[in-house]
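Worksheet: the structure to be examined is printed underneath.
The values are calculated or read from the model by the stated rules, or taken from the named source; none is laboratory data. Here the structure is a predicted model, which means the values were calculated and not measured. Here Cβ is always computed from backbone atoms with ideal geometry, including for glycine, and neighbour counts include all displayed protein chains. To get the accessible areas, we keep the full protein, side chains included, count just its heavy atoms, and leave off ligands, DNA and RNA. Shrake-Rupley method; radii C 1.70, N 1.55, O 1.52, S 1.80 Å.
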Amino acid sequence: MNGWMTELARLVALLLIGLLVGLLNGQLAWSLAAVAVLALGFHLFQLYRLHRWIVRDEDRINPPDGSGVWGDLIDALYRFGKRHRKRKQRLTRLLERFNEFTGAMPDANVVIGPQGEIRWLNDAAQTLLGLNQPADLGQRIGNLIRHPDFLHFLRHGKYAETLEFPSPLREDVRLSVRVVPFGNHERLIAARDVSHFFRIERMRRDFVANVSHELRTPLTVLSGYLETWSDMRDEVPPPLRPSLEHMSGQAARMQQIVEDLLTLSRLDSESTVAGDQVDVPIPAVVATLREDAEALSGAQRHVITADIDAELWLRGEIKELHSALGNLVSNAVRYTPAGGRITLIWKAEADGGARFEVRDSGIGIAAADIARLTERFYRVDKDRSRASGGTGLGLAIAKHALQRHGARLEITSRPGAGSTFACVFPSGRVVRKTTRARAG
């Protein structure tokens, strides 16, 4: 405010001098014009000095002298610039620390924009994903990392799960990738080297497969002898007959466990995409599963119905699909009380996909157990599961087979209110046929 008062006082003084000179020489107008030109020249000179100081960065720290309003303005700009320089230095230090932190991280991190263009990456992204900085900045990541599973994962946006695929640089390096959306349609891609865990998991699978394979022969021999003794039941002493039946049942159960373990090992060791794909007549498969369910139900006399879209087929591997759907149906029979209702539904989805549902009026499942149902050997009720003849591997097999077909397993249930197990297939798997299949 003092600067403005000084400037006003200067202007009043110039006007008074101009009036006095004009009155003395009789040239009032010319005197006032000269005063105006003098004032304008003064302000233009001050503006020139200010502009030169602002434009020339090397002189920014040495402001020019000024008086009045120009002095206040220069002081204000100098203080503003000083604060700006301090803020810039602080941000620079933070950015340097951030770059040091991200550079030290073993995980690869890449920020991409709405169109998949790379906006930022750290050092680990170069060693794990084969990206280069700054050459790849602005490039679409889908043009640089061409693995089909990675492209499908980015395209469909189901980021609640993780994806595993080999590094673009080395096939023996296994990466686990997560995508986190943030900001204005931006995404953070975080890739971690899980090769060690992958090798351990592969060793475990190989061990299970080898042990299962080695158990198959002795179990076959034992089952053969037990079957022979069962055929000679009349010659077996009566006290030993219950033991013989129990041994035969346990041997059959062990054989089923071995077969299921071998199936899981095969699914684990093969490609993530099902092979030998053909047009599978799912309506006929579902009709057959209904007949199998009625046979398994036996004296329990479940009410089993089916609602089938007879023209809806799938492209896939028939044995894997039959196994996946059959496990869901057999589970429904095992865990539904006698006289209960089981419904099989095969229908099209609104997005062009397909859905197979198994609804039952069984005992239901608690919410805490649903997330773990597809774990190997996980049982909600261990005693009841063993009594029903299950191996604890059926849902794990079903999940693996569905994943190899790009499908997912959805489970909804409440204790005492029954359960619904649904297999949801993408539209790319659906095939429309005019051939009619059996429906119930």
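Below, the figures for the structure above:
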read-out: Residues in segment 282-310 reached by a label modelled at Thr434 [backbone nitrogen below 20 Å; 7 Å Cα→Cβ]; value: 282-284, 309-310
read-out: Contour excess over end-to-end distance, with Cα ends at Gln250 and Ile370 and 0.36 nm allotted per residue; value: 40.4 nm
read-out: Residue-level accessible surface for Lys158, protein heavy atoms, 1.4 Å, Å²; value: 120 Å²
read-out: Candidate residues Trp229, Trp53, Trp120: accessible-area rank, largest first, probe 1.4 Å; value: Trp229, Trp120, Trp53
read-out: At q = 0.18 Å⁻¹, base-10 log of I(q)/I(0) for segment 139-232 (Debye sum, equal scatterers on each alpha carbon); value: -0.89
read-out: In segment 95-204, the GluC sites (Glu not before Pro) that fall in loop regions by DSSP, at most 10 other Cβ within 10 Å; value: Glu161, Glu171
read-out: Highest to lowest packing among 357-365, 232-240, scored as the average C-beta count within 10 Å; value: 357-365, 232-240
read-out: Straight-distance crosslink candidates among lysines, where the alpha carbon sits under 20 Å from Lys399 and sequence neighbours closer than 8 are dropped; value: Lys158, Lys319, Lys347
